[in-house]
Each structure stands twice: as C-alpha cells, then as structure tokens.
Amino acid sequence: MEMRFPEVQPPEDAEREAGRLLFAGETGFVKGVVAMDGLPPADRLEVCFAGRSNVGKSSLINALTGRKGLARASNTPGRTQEINYFTAGDLYVVDLPGYGFANAPLPVVEKWQRLLKSYLRGRQTLRRVFVLIDARHGAKAVDDEIMSLLDSAAVTFQVVMTKVDKLRGDALEQSLAKTRAALVKHPAAYPELILTSSEKGDGIETLRAIIAGID
C-alpha cells in the first residue's frame, strides 16, 4: 500500500540551483503588519510560514535566507503578534504570528485570530502556506485547527517538520505517523512532508527548491 504523505524527494540539480539563487539574492525585512490595511501591495507571489509558538519558525526562515538575524526569535511564546513581511528575490516570504500561546490575554488572541483569518482568506497572491510542526511532538489539536482554517480558505498548505535532528529511529517514525494521520482529514494538504533541521541544515536546500518552483 502506498504511503500517504511521504517525505519529499531531494531536488534535482537544476531545482536545487534555482532555490540557491532565489535565496542567495537580496533578502530583507519589509514591514510588520497588525491590520489588513497595512499589508504591502499584492504585486508579487508570496508564501507564508505558520506554526505554534516555539516551533522554530524564525530559525527556519533565518536558515532559508542564510541570515541569522533576519527573523527575530523570541523565548516568550506569543510575543510576536505581527505578520512580518520579508523579500527573497521577487517573492514575499511571510512570517505569521505563532499560534497556540496560552498565556496571552484573550483580547490579544482574538485580535490575532481575526487578522490571521482575514489574511488567509483574502490574500490573492498567497500561493502556499508552510505549516511547521515540531517533530518532537507531531501534529497537535491546535495544528489541526489551523489546517481546518486553511481547508475552508482553500489555501494549499504543506507541512514542514522542524527539529528532526532531535529524534531518531522509531521516535521519529511515530511522530511522522501521528502527523500523517492528522493530515488525511485535510483536503488542502499538499501530499508530501518536508523534514528539516535549522540547526543541522537538513532539508533547507529542499525547501528552497520547492519555494523557487512555486508559480
């Protein structure tokens, strides 16, 4: 029986080079957005990254761009509550606020949820959302909520497993199996997983190549 949501295969040489060139060019911070009317002009394609607080989102964006301080990592879950826009070549790379922060005041959470839903449903240039899931835990209920939102918004999303270097053998396979079981319920899910480690560099070339190939 064919496995559902297998790991994506390594890119071909030409695809790898396209990814390298995309992120070897000029990258930079554009702006942080707290309301829909603050979004930059929709004049280019964009991809965005979503994930629970402390999933390693900032570290992954920094690894992709090769710039350690581009996306600011925070040790305080939920501290970053803006949609942060970066450029990579002729593409926007968008860092969504970490979701699932338990200690934030309810009005802050509700405001964040409204902004997130408006962005996902209303940004016509958004081509793919990368949903980051910590390999140490696998998909959780809060991840399922964001994936259901993406289903309803008809926005294709692809799961990126982070921190895969922290697990080995059966432990990693169990985490992947848990995540695959969750994804089966979501029609907007792209049918391949990306396994990454920002610390070790695993999967970074593959992710760059995938982004460079989106049109």
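Mind telling me which of Phe157, Phe29, Phe130 comes out most flexible in a GNM of the chain, alpha-carbon contacts under 10 Å?
In this elastic network of the chain, the residue with the biggest mean-square fluctuation among Phe157, Phe29, Phe130 is Phe29.
Looking at segment 151-215, what % of the alpha carbon pairs are farther apart than 15 Å?
Numbers: 1206 of 2080 pairs.
Here the long-distance tail beyond 15 Å is 58 percent of all Cα pairs in segment 151-215.
With the radius of gyration and the Kirkwood radius both derived from the Cα set of the chain, what is their ratio Rg to Rh?
Taking Rh as the inverse mean 1/r over Cα pairs, Rg/Rh reads 0.93.
Running a GNM on the chain with Cα contacts under 10 Å, which residue among Pro40, Pro105, Pro97 ends up with the highest mean-square fluctuation?
Of Pro40, Pro105, Pro97, the Gaussian network model singles out Pro105 as fluctuating most.
Structure shown: which of Lys117/Lys178; Lys57/Lys200; Lys68/Lys117 lie over 19 Å apart, alpha-carbon to alpha-carbon? Could the numbers behind the result be given before it?
Details: Lys117/Lys178 26 Å; Lys57/Lys200 15 Å; Lys68/Lys117 29 Å.
Going by Cα-Cα distance, Lys117/Lys178; Lys68/Lys117 fall outside the 19 Å limit.
Could you size up the charge dipole of the chain around its Cα centre, putting +1 on the beta carbon of Lys and Arg and -1 on that of Asp and Glu, and report it in debye to the nearest 20?
Numbers: 28 positive and 27 negative charges, 151 e Å.
Charge dipole of the chain: 720 debye, to the nearest 20.
Pick out which of Leu183, Leu116, Leu21 has the largest mean-square fluctuation in a Gaussian network model of the chain, springs linking Cα atoms closer than 10 Å.
Result for the chain, Cα springs under 10 Å: Leu21 fluctuates most.
Across segment 153-170, in residue order, what do the Karplus-derived ³J(HN,Hα) couplings come to in whole Hz, using 6.51 cos²θ - 1.76 cosθ + 1.60 with θ = phi - 60° and x for Gly and Pro?
7, 6, 10, 5, 10, 10, 7, 10, 7, 9, 6, 5, 5, 7, 10, 9, x, 4
Counting only protein heavy atoms and using a 1.4 Å probe, what share of the accessible area of the chain belongs to carbon plus sulfur, as a whole percent? If you can, show how the numbers build up before the last one.
Details: 5160 of 10700 Å².
Answer for the chain is 48 percent, counting heavy atoms of protein chains only.
Rolling a 1.4 Å sphere over the protein heavy atoms, what is the accessible area per residue of the chain, to the nearest Å²? Show your work: numbers first, answer last.
Working: 10700 Å² over 215 residues.
Value for the chain: 50 Å² per residue.
Add -39500 (n - 2.57) for each DSSP H run of 4 or more in the chain, then divide by its residues: what number comes out at 222 nm, to the nearest 500 deg cm²/dmol? Don't jump to the answer; show the numbers that get you there.
Numbers: 6 runs with 75 residues, N = 215.
That calculation yields -11000 deg cm²/dmol at 222 nm.
Rounded to the nearest 10 Å², what accessible area does Lys140 have for a 1.4 Å probe in the complete protein model?
80 Å²
Using only the alpha-carbon atoms of segment 92-215 as identical scatterers, what base-10 log of I(q)/I(0) does the Debye formula give at q = 0.23 Å⁻¹?
-1.48
Within straight cross-link reach of Lys166, meaning Cα distance under 13 Å, which aspartates and glutamates are found once same-chain residues fewer than 8 apart are removed?
In chain and number order, the partners are Asp134, Glu199, Asp202.
The values are calculated or read from the model by the stated rules, or taken from the named source; none is laboratory data. All values derive from a computational prediction rather than experimental measurement. We place every Cβ from the backbone using ideal geometry, glycine too, and count neighbours over all the protein chains shown. Just the protein is used for accessible areas: all its heavy atoms, side chains included, with ligands, DNA and RNA removed. Shrake-Rupley method; radii C 1.70, N 1.55, O 1.52, S 1.80 Å.
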